[in-house]
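The values are calculated or read from the model by the stated rules, or taken from the named source; none is laboratory data. Small disclaimer: the values here were computed from a predicted structure and weren't measured. Glycine gets a Cβ as well: all are built from the backbone with ideal geometry, and neighbour counts include every protein chain shown.
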Amino acid sequence: MSRKPIATKEQSPQRPLTPSAKHPLRRFLRKPFQIIRANFRAYLIINVIVYGSFIAGLVAAMVFPNLGATQVAIQEDNGTFDLVRSLLNNPWLFSLTILGVNVMTGALWIVLPSLIVPFTGIAIFAYKAFTLGLPIAPTTARAAVIWIPHSLTALIEFQAYALLMFGAYILGRSWVRPATIGARNRRQGYVRGLQQLGWLSLSALPLFIVGAIWEAFSIRYLIHPLTQWLL
């Protein structure tokens with residue numbers, strides 16, 4: 001009676017590595033774009049909400065200056081401006097502080113509420129974006145000059161917030177309508193939506209880092225020369 005040879009560990013065929021296994025960084029870069037491409041219309045709508053709310057705050061402060069002045073007074077009273085002044089001479093520490101504030105803002109205003117009630121973070125941060133635009137509206141000549149470098153800051157950082165809001169939308173939709181993500185029930189839909197939120201959150205982190213560095217260094221080294229040159 002013949003016996004089939006028993007495959008040892010050394011003799012067993014090795015399964016070839018997939019491209020994602022060989023290059024985890026490639027998967028890290030590719031996965032968020034796959035999520036965006038599969039839900040591109042929703043991604044565009046989220047961007048309109050984020051940037052539109054922020055621009056609405058800028059316009060409201062220009063039309064009603066008291067709104068912006070009130071927000072400036074609040075930040076002066078709570079020590080925000082004092083903190084900024086104390087960090088100006090150390091742009092790297094300033095960058096780290098900005099990064100911490102931005103990440104905490106995204107976590108507390110977008111992600112955490114959306115983990116509890118579907119879509120809540122979208123509405124909450126839309127209001128937050130509106131209030132963020134009030135104190136920095138270009139209502140004076142100096143404020144307009146500040147916006148030359150700060151417009152890039154807003155573009156980068158609010159894109160990071162938009163990715164978090166987009167992830168909150170995916171989570172909420174998967175939770176309420178599990179079939180949209182191929183899940184059998186809401187529990188599975190929540191888990192799969194949470195995974196996609198995680199991927200989008202990871203892709204937002206580099207934007208937060210770049211935005212924080214640019215904001216700190218532009219405030220430290222660009223605003224004063226620009227105001228001296230243009231005003």
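Checking each residue in region 177-210 for being in contact (Cβ under 8 Å) with a residue 12 or more places away in the chain, of a type outside the set (G, A, S) and under 30 Å from H150 (Cα atoms) picks out L197, W199, L200, L202, L205, L207, F208, I209, V210.
Taking the options T139, T180, name whichever one is over 23 Å from Y43 (Cβ atoms), at pLDDT below 95 and either out of contact with any helix residue (DSSP H, G or I) (no Cβ under 8 Å at 6 or more places or on another chain) or among the hydroxyl-bearing types (S, T, Y) (or both).
Values: T180 fails: over 23 Å from Y43 (Cβ atoms).
Of the residues listed, the single one that is over 23 Å from Y43 (Cβ atoms), at pLDDT below 95 and either out of contact with any helix residue (DSSP H, G or I) (no Cβ under 8 Å at 6 or more places or on another chain) or among the hydroxyl-bearing types (S, T, Y) (or both) is T139.
All of T120, T180 fail the test of being closer than 27 Å to G68 by Cα and of a type in the set (V, I, T), apart from T120.
When region 103-112 is filtered for residues that are within 24 Å of G189 (Cβ to Cβ) and touching a residue at least 24 places away in the same chain (Cβ under 8 Å), the ones remaining, listed by number, are G106, I110, V111. All of I49, I36, I45 fail the test of being in contact with a Phe, Trp or Tyr (Cβ under 6 Å, 6 or more places away or on another chain) and aliphatic (A, V, I, L, M), apart from I36. If you go through region 74-123 and keep only what is assigned to a loop (DSSP other than H, G, I, E, B) and at pLDDT 95 or above, you end up with V117, P118, F119. Starting from region 50-67, keep only residues that are at pLDDT below 95 and crowded, with 19+ Cβ neighbours inside 10 Å, then list their pairs with residues that are assigned to a helix (DSSP H, G or I) and of a type in the set (V, I, T) whose Cβ atoms are within a distance under 6 Å, requiring at least 6 positions of separation or different chains. No pair meets every condition.
The listed residues are P149, P113, P135, and the only one of them that is out of contact with any Phe, Trp or Tyr (no Cβ under 7 Å at 6 or more places or on another chain) and crowded, with 20+ Cβ neighbours inside 10 Å turns out to be P135.
Looking at F94, F158, F125 in this structure, which one is within 15 Å of the chain's Cα centre (by Cα) and closer than 27 Å to H224 by Cβ? Talk me through it step by step, then tell me what you get.
Values: F94 fails: within 15 Å of the chain's Cα centre (by Cα); F125 fails: closer than 27 Å to H224 by Cβ.
From the options F94, F158, F125, the qualifying one is F158.
Here A141 fits the description: surrounded by fewer than 16 Cβ atoms within 10 Å (Cβ to Cβ), in contact with a Leu (Cβ under 8 Å, 6 or more places away or on another chain) and not hydroxyl-bearing (S, T, Y).
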